[in-house]
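A quick write-up on the structure given underneath.
We did not get these values from a lab; they are worked out from the coordinates using the rules stated. Keep in mind the model is a prediction, meaning the values are calculated, not measured. Counting neighbours? That spans all protein chains shown, and the Cβs are built from the backbone with ideal geometry, glycine included.
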Ligand SMILES: Nc1ncnc2c1ncn2[C@@H]1O[C@H](COP(=O)(O)OP(=O)(O)OP(=O)(O)O)[C@@H](O)[C@H]1O
Ligand SMILES: [Mg+2]
């Protein structure tokens, strides 16, 4: 019997004991070449740390100055000419009008290459393409966060591999090993 696995989902569990651990993780993730064209969903309750992770990631990628939460604008674009990288940070919390998907050019953004990061993807379900990687963040204490990373595509798997080979490996808790045949 042949079982074809089209989109093997690979899951890792991490614990960030404090925000500096979140920052170190973001710095490692920033070094992953697969970020160049990736769509990452950030899930979790209010205050889980979605924007905080994105802030540390954008700073690690070279964004200078303040990283605004795009709650009202829905999207904040960033251009990083030195890396030849475009990044879009979405927060769909207030997304309610499906016409906005076309009118605000979101469809075009998701058709472009670059890094797309989306908080509250649940609110735009049905519009968004399949995410390469999903972060599910949970506040355990005031400062610690339990995080589940699910790769849904080969790009997501490459990102998981990049963060697994990093010096932050000791933070991994209950990680499932990647199969040896991983690209
Ligand atoms: N380990 C940690 N990682 C991330 N954030 C942390 C951590 N410890 C404490 N925090 C704090 O938790 C808060 C997270 O707020 P943040 O705005 O990032 O949440 P959010 O998930 O984006 O919420 P919202 O759904 O409202 O957009 C920040 O004040 C941050 O400083
Ligand atoms: Mg937020």
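Structure data summary
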| quantity | calculated |
| --- | --- |
| Prolate/oblate/rounded label for the stretch 85-124 (Cα gyration tensor, a/c 1.5) | oblate |
| Per-residue Cβ neighbour rank within 10 angstrom, fewest leading, 36, 130 | 130, 36 |
| Among 134, 40, 109, residue whose mean-square fluctuation peaks in a GNM of the chain (springs only between Cα atoms under 10 Å) | 109 |
| Relative contact order (%) - the stretch 69-165, alpha-carbon pairs under 8 angstrom, separation at least six | 20 |
| Likely footprinting exposure, 116, 68, 123, fewest C-beta neighbours within 10 Å first | 68, 123, 116 |
| Antiparallel content of DSSP bridges confined to the chain, in %, to 5 | 60 |
| Most fluctuating residue given options 83, 24, 107, as computed from a GNM of the chain linking Cα atoms under 10 Å | 83 |
| Nearest-0.05 FRET efficiency for residue 125 and residue 82, computed from C-beta distance (R0 41 Å) | 0.75 |
| Difference of contour (0.36 nm per residue) and Cα-Cα distance, residue 33 to residue 113 | 27.5 nm |
| Candidates 162, 111, 73: whichever shows maximal mean-square fluctuation once the chain is modelled as a Gaussian network with Cα springs under 10 Å | 111 |
| Helix-only CD estimate at 222 nm, as mean residue ellipticity for the chain, using -39500 (n - 2.57) per DSSP H run (n ≥ 4) | -7500 deg cm²/dmol |
| Residue order, fewest to most beta carbons within 10 Å, for 16, 88 | 88, 16 |
| Inter-label distance, nm, simple model (7 Å from Cα along the C-beta direction), residue 71/residue 154 | 4.0 |
| Pairwise label distance in nanometres, residue 15 with residue 97, each label 7 Å out on the Cα-Cβ vector | 4.6 |
